[in-house]
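Below is one structure, written out as structure tokens; the observations come after it.
The values are calculated or read from the model by the stated rules, or taken from the named source; none is laboratory data. It should be emphasised that the depicted structure is a prediction, and the values quoted were computed from it without experimental measurement. As a convention, Cβ positions derive from the backbone with ideal geometry for all residues, glycine included, and neighbour counts pool all protein chains shown.
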Amino acid sequence: MEEYFDDNHLDEFETEPDEVLESLPTHNQWGELLFDSNGNMPLSPEEREIMIKRLEQKFIEVMEILRISRRDPNCTKTPYRLAKMLVNELFIGRYQEPPKSTVFPNRKKVNELIISKGITVMSVCSHHWQPISGDCAIGYIPNKYVLGVSKLSRIVDWFSRRGQIQEELGEQIADYIENLIKPKALGVVIRARHYCMIARGVKGNEDNSLMITSVMRGYLLTDLNLRNEFLNLIGMGYAK
Ligand SMILES: [Zn+2]
């Protein structure tokens, strides 16, 4: 992913100076609190409906600026579709409660790696609002509790459904699981394609480039043999 960091693109990823950041609004024009792209603040379906209506009006304006006629039958309802897709699908993790995560007692005192791989990651990059598409492997050695496999998919989906950068997505998933079951070891590996690179034609062989990030906690951070076992079991570059 070297091209991600080449000089031509550095500017886009640099943060504004502190005084500029501090001058940016903390609330919107309706007095509602603004929060980070990958944050969460649950809203009722009615509140999301209001959001979609406001957004639809803005997308009508966006289309007019782009000179796209809504008389084109394919575009008549595009402002509404875009609004609904952002609020109820791509960014829904921002506005919903975390998935209910039932934990089970580790009765047999399992002390080996439990691995789930091939978990779908469908996210959106915070920088360009383009899809991040890939998969995730999670491994852990339980302590007192184990987690259902379907729970892991739901946790990954909940954190993915919002503007993210892949590095922070992995950390958020790991923090959440660590908090929930306090495992002795935990690893979260994500590999994904970033469509902001593919669609914008960033130079390089972007069609084939994958970004791989890994988060290791507990024994997986300190025990090299265990880490190798985990990486072998998920097979770095593991087949779909
Ligand atoms: Zn991007």
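Answer yes or no as to whether Arg191 is in contact (Cβ under 8 Å) with a residue 24 or more places away in the chain, within 14 Å of the chain's Cα centre (by Cα) and more than 16 Å from the ligand (Cβ to nearest atom). Judged against the criteria, Arg191 is a match. Here Lys84 does not qualify as of a type in the set (D, E, K, R), in contact with a strand residue (DSSP E or B) (Cβ under 6 Å, 6 or more places away or on another chain) and either farther than 30 Å from Pro183 by Cα or not in a loop (DSSP other than H, G, I, E, B) (or both). Starting from residues that are without any contact (Cβ under 8 Å) to a residue 60 or more places away in the chain and of a type in the set (A, V, I, L, M, F, W, C), keep the ones in region 140-151 and report whichever is farthest from Ile165 (Cα to Cα). Looking at the filtered set, the residue picked out is Val146.
Among all residues of region 81-95, there is at least one that is buried (at least 19 other Cβ atoms within 10 Å of the Cβ), on the phi < 0 side of the Ramachandran plot, among the hydrophobic types (A, V, I, L, M, F, W, C) and in contact with an Asp or Glu (Cβ under 6 Å, 6 or more places away or on another chain). Candidates Met1, Met63: the one that is surrounded by 13 or more Cβ atoms within 10 Å (Cβ to Cβ) and modelled with pLDDT of 95 or more is Met63.
Of everything listed in (1) closer than 24 Å to Asp36 by Cβ; (2) within 16 Å of the ligand (Cβ to nearest atom), the single unmet condition for Gly201 is (1). The residues of region 135-145 that are of a type outside the set (D, E, K, R), over 16 Å from Tyr219 (Cβ atoms) and surrounded by fewer than 21 Cβ atoms within 10 Å (Cβ to Cβ) amount to a single one, Tyr145.
On inspection, Lys53 passes the criterion of being within 22 Å of Asn40 (Cα to Cα) and outside the structural domain of Tyr145 (by TED's automatic domain parsing). Scanning region 156-213 for residues that are assigned to a helix (DSSP H, G or I) and small (Gly, Ala, Ser), which turns out modelled with the lowest pLDDT? Filtering first and then ranking leaves Ala199. Note on region 36-60: residues that are assigned to a loop (DSSP other than H, G, I, E, B) and either touching a Lys or Arg at 6+ places or on another chain (Cβ under 8 Å) or surrounded by 12 or more Cβ atoms within 10 Å (Cβ to Cβ) (or both) total 6. Does Ala137 count as in contact (Cβ under 8 Å) with a residue 24 or more places away in the chain and touching an Asp or Glu at 6+ places or on another chain (Cβ under 6 Å)? Judged against the criteria, Ala137 is not a match.
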